[in-house]
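Just below is one structure, and these are the notes that go with it.
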Amino acid sequence: MGWRVGRQIGILALTLLAPLLGTDARADEPCLKMVFGRYCLGGDVNAILQTAPPPLIRQNQGDSLALVYPDGANRLYVLAFTNRIYKVVRAYDTATQLRFDDLYNSLREKYGPGEDRSRFPDYASTPTARLASIRRGEGRAIHHWTASPSWFIELSWTREMGISLAYIATDLNARRAAQVEGGL
């Protein structure tokens, strides 16, 4: 009899503690990766809305939701599709070659060389010319790491976002892209 009571208490404790530990007790709501120590990639976006301070910007469009939070001098973008977080992006306020190189080297140390998916005009064959093409909006520096079958990382430098680091849930991102393309 005593082991049953102990087991029931244990199950109750796990059920109550799961949200506090950043894990989800329901199998259909996995946390693929805890991003920047507070955002559960693949998790329920409503958990953020209930626990975090209100976002600076909240924008809904169909099944998609975009939340923008301050992050010191930077900004954090939390993007959700059907209430699941499919992308978390940190956009850095300062866009310099040093910042980009530091982030790239840190990611390379942790995840390996990744894949260079940069796109530059033919004339941009030197670092200075590539930087100028980014500033004009003609080029993009993009490095991609497939860290897991369920999520990937992109470090990019574009005119629109500056330097940004994105963690993206593979399946959710593909489902959202398919809906957006199908809706056009």
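The values are calculated or read from the model by the stated rules, or taken from the named source; none is laboratory data. This one's a predicted model, so the numbers in the text were calculated from it and none came from an experiment. Note that each Cβ is placed from the backbone with ideal geometry, even for glycine, and that neighbours are counted across all protein chains shown. These area figures cover heavy atoms from the full protein model, side chains too; ligands, DNA and RNA do not enter into them. Shrake-Rupley method; radii C 1.70, N 1.55, O 1.52, S 1.80 Å.
Of note:
- Ranked by how many other beta carbons lie within 10 Å on average, peptides 119-132, 151-164, 49-62 from highest: 151-164, 119-132, 49-62
- Protein accessible area in the range 38-87, 1.4 Å probe - carbon and sulfur %: 48 percent
- Going by accessible surface with a 1.4 Å probe and the largest first, GLU115, GLU109 read GLU109, GLU115.
- Here's how it looks for CYS31: its modeled amide H is under 5 Å from those of ASP24, which are all 5 or more places away or on a different chain.
- What the Cα atoms of the range 84-184 give is an Rg and a Dmax of 14.5, 41 Å.
- For ASP171, the accessible area of its heavy atoms, probed at 1.4 Å with every protein chain present, is near 110 square angstrom.
- CYS31 exposes around 50 Å² of accessible area when a 1.4 Å probe is run over every protein chain in place.
- Distances between placed amide hydrogens fall under 5 Å for PHE120 paired with ARG140, all partners being 5 or more residues away or on another chain.
- Our estimate of slack between ALA52 and ALA66, defined as 0.36 nm per intervening residue step minus the Cα-Cα distance, is 3.6 nm.
- Were the residues from GLN179 through ARG119 laid out at 0.36 nm apart, the gain over their Cα-Cα distance would be 19.0 nm.
- What the Cβ-Cβ distance of GLU109 and THR146 gives, at R0 = 22 Å and to the nearest 0.05, is a FRET efficiency of 0.85.
- Rolling a 1.4 Å probe over the protein heavy atoms gives the range 27-184 an accessible area of 56 Å² per residue.
- Simple spin-label estimate for ARG38 and GLU138 in nanometres, 7 Å along Cα-Cβ: 4.0 nm
- With contacts taken as Cα pairs under 8 Å at a separation of at least 6 residues, the range 43-156 carries a relative contact order of 15 percent.
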